[in-house]
Amino acid sequence: MACMTSPRSNRRQFLKGQAAVQALGELVAPDTERDAAATANAAPETYLLQLGRRAMACQFEVFLNAGQYPQAADVALEALDLIDRLEEQMTVYRDTSEISQINRFAASRPVEVESRLFDLLSRAAHLHRETEGALDITAGPLTKVWGFYRRAGEIPSADNLADALSRVSSGLLELDPSNHSVRFQKPGMELNLGAIGKGYALDRVAELMIASGIDNFLWHGGQSSVLARGACGPRAEDGAGWIVDLRHPLRPERSIVEVCLRDRALGTSGAGTQFFRHGGRRYGHILDPRAGWPAEGVYSATVIACNAADADALATALYVLGPQRALEWCQRHPEIGLLMFVPGEGSKSVELLTAGLAPDDWSLTGDL
């Protein structure tokens, strides 16, 4: 997972008025994984405390109402330390992680994992079934055969693709809740939590913040995963939430939609910047785990859900399902909000599809 970097690490930064608006405007700028952008509109007298650190190959940051909580900075730094530990647990790029241990040994024996990680794997397996297989955390072999694992995209041979696809299916994943163990039914399977890991990290740090008495904050991870609790500045008293700005999928310099996050999370999936071209055709990095090929027909999918893990995972799944199947899925799950940008009738035109959103949840701020 990769995204835009930030010059800030553990430093505390105070922002006032328009500076605060601009800082939050950088929040979800299009990155190398997903095409979204966020801006929080703050009143002129609003001060925000901003802390961040690079983890999971991207920048995690938190915004808090400055002066509201004396313990805010210390708790935020503790939360950033937690993100570091979660990366150690979930990454596929370190041999010592629990996910790497599963990938190494689960084909030969059950591998016991930490209870919260087991719950996450179980949730991902449930979402796999709920989304007709569009979300699949066992798609690691496909990511590798297409070259996206090392950011060197290439079209695989038919034999190599067929081999990789034969080792992909959460239906071949055995999860034993009695001892929190994982086992693969087929050799060569691999887990990769790229579609859900950052959102899960946001959920965990939100738990820590709330347990520490802080209930007004906005976190982002990788700039396309956002979780908000309470409200920004003076709006904290009335629970008005945080305003997040989505950018045009083809013209990322332009804002196009405002979303109000009230104790909810937002995840955006798109292949606008992580792709390669071959033979005049564009191949994005979001793969359909059922077919083995890059998903097509959608510019970006933004999902609003109660937690960030679901928002991230479902953004990927609905992107893969495509416009019609995604809207049908949302009709069966009215608790989930969707904003999906798809190609319009013109060569560079865009159409916006929505589902599960109340009128005051979002507004169009620019021309499609």
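The values are calculated or read from the model by the stated rules, or taken from the named source; none is laboratory data. If you're wondering where the values come from, they're calculated on a predicted model, not measured in any experiment. Note that each Cβ is placed from the backbone with ideal geometry, even for glycine, and that neighbours are counted across all protein chains shown.
Can you name every residue in region 346-366 that is hydrophobic (A, V, I, L, M, F, W, C) and assigned to a strand (DSSP E or B)? Matches in region 346-366: V350, L352, L353, A355, W362, L364.
Quick grid of which residues meet (1) closer than 18 Å to L127 by Cα; (2) touching a His at 6+ places or on another chain (Cβ under 9 Å):
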| position | (1), (2) |
| --- | --- |
| S166 | no, no |
| S169 | yes, yes |
| L173 | yes, yes |
| R183 | no, no |
| G188 | no, no |
| L202 | no, yes |
| I210 | no, no |
| G213 | no, no |
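Going residue by residue through region 69-89, is there one that turns out to be of a type in the set (D, E, K, R) and touching a Phe, Trp or Tyr at 6+ places or on another chain (Cβ under 7 Å)? No, there is no match, as no residue in region 69-89 is of a type in the set (D, E, K, R) and touching a Phe, Trp or Tyr at 6+ places or on another chain (Cβ under 7 Å). Residue check: P187 meets all listed conditions (1) touching a residue at least 40 places away in the same chain (Cβ under 8 Å); (2) in contact with a helix residue (DSSP H, G or I) (Cβ under 9 Å, 6 or more places away or on another chain) but one, namely (2). Residue-level check: of (1) closer than 30 Å to Y69 by Cα; (2) more than 25 Å from the chain's Cα centre (by Cα), F184 misses just (1). Checked against (1) of a type in the set (S, T, Y); (2) touching a helix residue (DSSP H, G or I) at 6+ places or on another chain (Cβ under 8 Å); (3) without any contact (Cβ under 8 Å) to a residue 12 or more places away in the chain, Y200 passes all but a single condition, namely (3).
In a residue-by-residue description of region 20-38, the property of being among the small types (G, A, S), crowded, with 23+ Cβ neighbours inside 10 Å and at pLDDT 95 or above applies to no position.
Every residue, every condition in (1) surrounded by fewer than 24 Cβ atoms within 10 Å (Cβ to Cβ); (2) within 25 Å of D360 (Cβ to Cβ); (3) without any contact (Cβ under 8 Å) to a residue 40 or more places away in the chain, yes or no:
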residue: G297; (1), (2), (3): yes, no, no
residue: S300; (1), (2), (3): no, yes, no
residue: V303; (1), (2), (3): no, yes, yes
residue: L314; (1), (2), (3): no, yes, no
residue: Y319; (1), (2), (3): no, no, no
residue: R325; (1), (2), (3): yes, no, no
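The single condition among (1) exposed (fewer than 14 other Cβ atoms within 10 Å of the Cβ); (2) under 19 Å from the mean Cα position of the chain (by Cα) that H285 does not satisfy is (1). Within region 88-99, one or more residues are more than 15 Å from A57 (Cα to Cα) and in a helix (DSSP H, G or I). If only one of L127, L77, L121 is aliphatic (A, V, I, L, M), outside any loop (DSSP other than H, G, I, E, B) and under 30 Å from V257 (Cα atoms), which one is it? Testing whether each residue is aliphatic (A, V, I, L, M), outside any loop (DSSP other than H, G, I, E, B) and under 30 Å from V257 (Cα atoms) leaves just L127.
The requirement of being hydroxyl-bearing (S, T, Y), in a helix (DSSP H, G or I) and surrounded by fewer than 20 Cβ atoms within 10 Å (Cβ to Cβ) is satisfied by Y149. Of the residues examined, D74 is one that is under 22 Å from Q59 (Cβ atoms) and surrounded by fewer than 18 Cβ atoms within 10 Å (Cβ to Cβ). Only one of the numbered conditions (1) of a type outside the set (A, V, I, L, M, F, W, C); (2) modelled with pLDDT of 95 or more; (3) under 12 Å from V298 (Cβ atoms) is not met by P343, and that is (2).
Between N160, N192, the distinction of being of a type in the set (S, T, N, Q) and either part of a helix (DSSP H, G or I) or more than 22 Å from Q89 (Cα to Cα) (or both) belongs to N160 only.
Can you find a residue that is within 13 Å of P289 (Cα to Cα), in a strand (DSSP E or B) and not aromatic (F, W, Y) anywhere in region 130-140? Yes, region 130-140 contains a residue that is within 13 Å of P289 (Cα to Cα), in a strand (DSSP E or B) and not aromatic (F, W, Y). No other residue among A206, A134, A201 is surrounded by 15 or more Cβ atoms within 10 Å (Cβ to Cβ), modelled with pLDDT of 95 or more and closer than 17 Å to I286 by Cα apart from A134. Looking across region 161-171, just one residue is exposed (fewer than 15 other Cβ atoms within 10 Å of the Cβ) and not small (G, A, S), and that is D163.
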